[in-house]
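To keep things clear, I will list the structure first and then write my remarks on it.
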Amino acid sequence: MKVFVFDLDKTILVDDHNIHPKNIEAIEKLLLLGKEIVFASGRMLVSIQNLVKRYFQKDFPLIAYNGCVVWIPEKGKILDGEIDCSTASRVILKLREKGVHRQVYVNDELISEEDNEYIRSYAKHSEVPFKLVDDLLRVVETGATKILAIGDPGTLNEISLEMRSQFHNLSIFKSFDTYLDFVPKEYNKGKALQLLSRYNDWHSDDIVAFGDNDNDIPLLQEAGIGVAVDNATDALKEVADKIVPSNIEGGPGVFVLDMLNSFE
């Protein structure tokens with residue numbers, strides 16, 4: 001295997017949002033062996049870049065915003081998808097009506113129309129600044145890469161069911177219990193990996209991908225070996241080729257190191 005694709009939150013990150021030492025060890029060993037590393041996340045591009053730079057003195061191909069953005073070191077963005085203005089505006093109005101915190105991502109900026117605990121906590125978690133505006137509808141006049149609602153898990157469950165029936169052009173899913181993501185349906189991590197594979201002449205049989213959530217299903221299906229951590233959703237485990245120890249135990253790193261040791 002020559003390409004290793006890692007989801008971040010709840011896959012290689014432990015619950016304090018740091019990469020587990022076993023995963024760091026495994027990635028460093030893969031780099032020494034000349035393997036290709038890709039990080040794939042629902043996070044903002046700048047958030048992934050900031051996180052990766054904390055650990056590795058190297059730029060990597062990155063899949064951000066659940067596949068809406070693909071970035072490569074030598075060229076920058078080779079994919080930059082977005083929610084159209086009309087859809088983005090309707091989502092914002094609906095979330096306002098429900099009284100749920102909403103924030104948008106435009107040009108890799110995190111933007112909110114309310115200064116509250118939700119935006120502050122999210123910005124800290126993602127290690128990015130946030131921008132406050134009077135009206136998000138003006139911000140999305142040219143579209144938005146992603147919209148996120150933050151709130152009580154039960155409330156978000158109800159909203160997701162209702163809004164999925166209204167917005168057939170969006171993928172609406174929970175990235176955390178308290179986060180509800182809205183991204184364009186035509187993009188996902190699997191399609192983003194397809195694009196990277198075509199660009200780099202990678203074959204799916206040479207790819208190992210790791211994930212934890214339903215939005216990682218297309219990613220694992222695109223890889224020769226799809227690996228779910230033990231804390232993954234049932235739906236992801238059903239499509240995975242392998243299930244490894246949880247993120248808290250450094251499962252992906254354990255799997256990679258065991259695999260490499262078997263070839264020594």
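The values are calculated or read from the model by the stated rules, or taken from the named source; none is laboratory data. Owing to the predicted nature of the structure, the values given are computational and were not obtained by experimental measurement. No Cβ is skipped: glycine too gets one built from the backbone with ideal geometry, and neighbour counts run over all protein chains shown.
Remarks
- Any hit, region 111-132, residues being touching a residue at least 60 places away in the same chain (Cβ under 8 Å), over 23 Å from Ile63 (Cβ atoms) and surrounded by 13 or more Cβ atoms within 10 Å (Cβ to Cβ): no
- Candidates are the residues of region 56-102 that are more than 24 Å from Ala149 (Cβ to Cβ) and in contact (Cβ under 8 Å) with a residue 60 or more places away in the chain; the one that is surrounded by the fewest Cβ atoms within 10 Å (Cβ to Cβ) is Ile78.
- Any chance Tyr187 is at pLDDT 95 or above, in contact with a Cys (Cβ under 6 Å, 6 or more places away or on another chain) and closer than 22 Å to Met44 by Cβ: yes
- When each of Leu161, Leu193, Leu180 is tested for being surrounded by 19 or more Cβ atoms within 10 Å (Cβ to Cβ) and part of a helix (DSSP H, G or I), the lone residue that passes is Leu193.
- Residue count, region 58-117 (criterion: of a type in the set (Gly, Ala, Ser), under 15 Å from Ser41 (Cβ atoms) and either at pLDDT below 95 or part of a helix (DSSP H, G or I) (or both)): 1
- Residue count for region 118-148 satisfying the condition of being within 22 Å of Ser86 (Cα to Cα) and in a helix (DSSP H, G or I): 7.
- Boolean, Leu51 is without any contact (Cβ under 8 Å) to a residue 40 or more places away in the chain, in a helix (DSSP H, G or I) and surrounded by 14 or more Cβ atoms within 10 Å (Cβ to Cβ): no
- If the condition is being in a loop (DSSP other than H, G, I, E, B) and under 16 Å from the mean Cα position of the chain (by Cα), then region 164-177 contributes only Asp177.
- Within the span defined as region 32-44, every residue fails to be among the aromatic types (Phe, Trp, Tyr), closer than 30 Å to Ile111 by Cβ and either more than 11 Å from the chain's Cα centre (by Cα) or not assigned by TED's automatic domain parsing to the domain that holds Asp216 (or both).
- Where a residue in region 152-174 is farther than 19 Å from Asn215 by Cα and its partner, wherever it lies, is in a loop (DSSP other than H, G, I, E, B) and hydrophobic (A, V, I, L, M, F, W, C), with Cβ under 7 Å and at least six apart: Thr155/Val100
- Tally of residues being touching a residue at least 60 places away in the same chain (Cβ under 8 Å) and at negative phi across region 2-45: 30
- All of (1) hydroxyl-bearing (Ser, Thr, Tyr); (2) over 18 Å from Lys10 (Cα atoms); (3) modelled with pLDDT under 95 hold for Ser197 with one exception: (3).
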